[in-house]
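Below: one structure, written as structure tokens.
The values are calculated or read from the model by the stated rules, or taken from the named source; none is laboratory data. The structure displayed is predicted, hence computed values, not measured ones. Methodologically, a virtual Cβ is constructed for each residue, glycine included, from the backbone with ideal geometry; neighbour enumeration extends over all protein chains shown. These accessible areas exclude ligands, DNA and RNA; they are computed on the full protein's heavy atoms, side chains included. Shrake-Rupley method; radii C 1.70, N 1.55, O 1.52, S 1.80 Å.
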Amino acid sequence: MGRILLVEDDRALARGIALALGEDEVETAATLAQARTRMADGGWSLILLDVNLPDGSGLELLRARPAGGPPMILLTANDLETDVVAGLELGADDYITKPFSLAILRARIRARLRERQDAALRLGPFRFDFAAMTFTRDGRAVELSKTEQRLLRALVENRGRTVSREVLVDRLWSDGGDFVEESALSVTVRRLRSKLEEDPSHPRYIRTVYGLGYTWADEP
């Protein structure tokens, strides 16, 4: 199933869900504060989110979810229409009312993960899932640093178009682009090519547009 974050303050219920889904795949948080810390790590395939937590409403995490973030399924203690509507309007992908069948929960999770898998970007031999931070070429996993992921995303979102060096530096080092050495972008491009290109010295996909920037070739 991938990495699942379970935000639930009922320890017995959290333990039961973790056992049912596979303990190696589930990490838990019992409060909003803990959940925020875990979510910042990234790499989650899906988040199961209790609405009523000791330090606030789980809906606050929905509000803070970044665009393209992992799917979220709400765990609600009741079926009040206001709770359901509020969660769905904030972007929840699904909800399930307590008490619930673990078999139904597993089915709901698999459905959301299938949707996310289908939404992953496929380009030639590549499959890029920026939300889950998983990247493959010909079915083989490719490990990318956070900076390489940002560079790749900027290029494939603008594939077929040239992205200037200035724009890329801003996307990659927005917290201090003015202090980045000029060679830093070239080094990052070279590293990304070494991981994605068959022949990095003659790239098919990540092309240099001399004097301007770089492009992801739409039809290499």
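Scaled to the globular estimate 2.2 N^0.38 Å, the Cα spread of region 10-51, given as radius of gyration, is 1.13. Take region 3-110 with all the other protein chains still there, run a 1.4 Å probe, and you get 48 Å² of accessible area per residue. Derived value for region 1-90: Kirkwood hydrodynamic radius 13.2 Å. Basis is the mean of 1/r over every pair of different alpha-carbon atoms.
Would you work out what percent of the accessible area of region 109-220, with all protein chains in place, is carbon or sulfur (probe 1.4 Å)? Present the calculation step by step, with values, prior to reporting the outcome.
On the way: 3030 of 6700 Å².
Whole-percent figure for carbon plus sulfur exposure: 45.
If you fit an axis through the alpha-carbon atoms of helix 146-156 and take the longest principal axis of the Cα set of the chain, what angle between them do you get, 0 to 90°, nearest 10? Relative to the chain, helix 146-156 is tipped by roughly 70 degrees. Enclosing the Cα atoms of region 82-128 in their convex hull gives a volume equal to 77 cubic angstrom per residue. Taking every DSSP beta bridge that has both ends in the chain, the antiparallel portion is near 50%.
Estimated purely from DSSP H runs of n ≥ 4, each contributing -39500 (n - 2.57), the mean residue ellipticity at 222 nm for the chain is -12000 deg cm²/dmol once divided by its residues. Taking only protein heavy atoms and a 1.4 Å probe, the accessible area of region 1-95 is 49% carbon and sulfur. Each Cα pair under 8 Å and six or more residues apart adds its sequence gap; the mean of these over the residue count of the chain is a relative contact order of 13 percent. Annotation: the antiparallel percentage among DSSP beta bridges lying fully within region 1-104 is about 10. Remark: the chain is approximated by an ellipsoid whose semi-axes, taken from the C-alpha gyration tensor as √(5λ), come to 39, 18, 15 Å, largest first. Inter-part distance, region 185-220 to region 25-66, computed on C-alpha centroids, equals 37 Å.
Rg over Rh for region 48-170 works out to 1.07, using Cα positions for both radii and the Kirkwood form for Rh. Taking Thr76, Thr28, Thr208 in turn, the Gaussian network model of the chain (Cα-Cα springs below 10 Å) assigns the largest fluctuation to Thr208. Computed from the Cβ-Cβ distance with R0 of 25 Å, the FRET efficiency linking Arg137 to Ala184 stands at 0.55. A 1.4 Å probe over all protein chains sorts Tyr95, Tyr205 by accessible area into Tyr95, Tyr205, starting with the largest.
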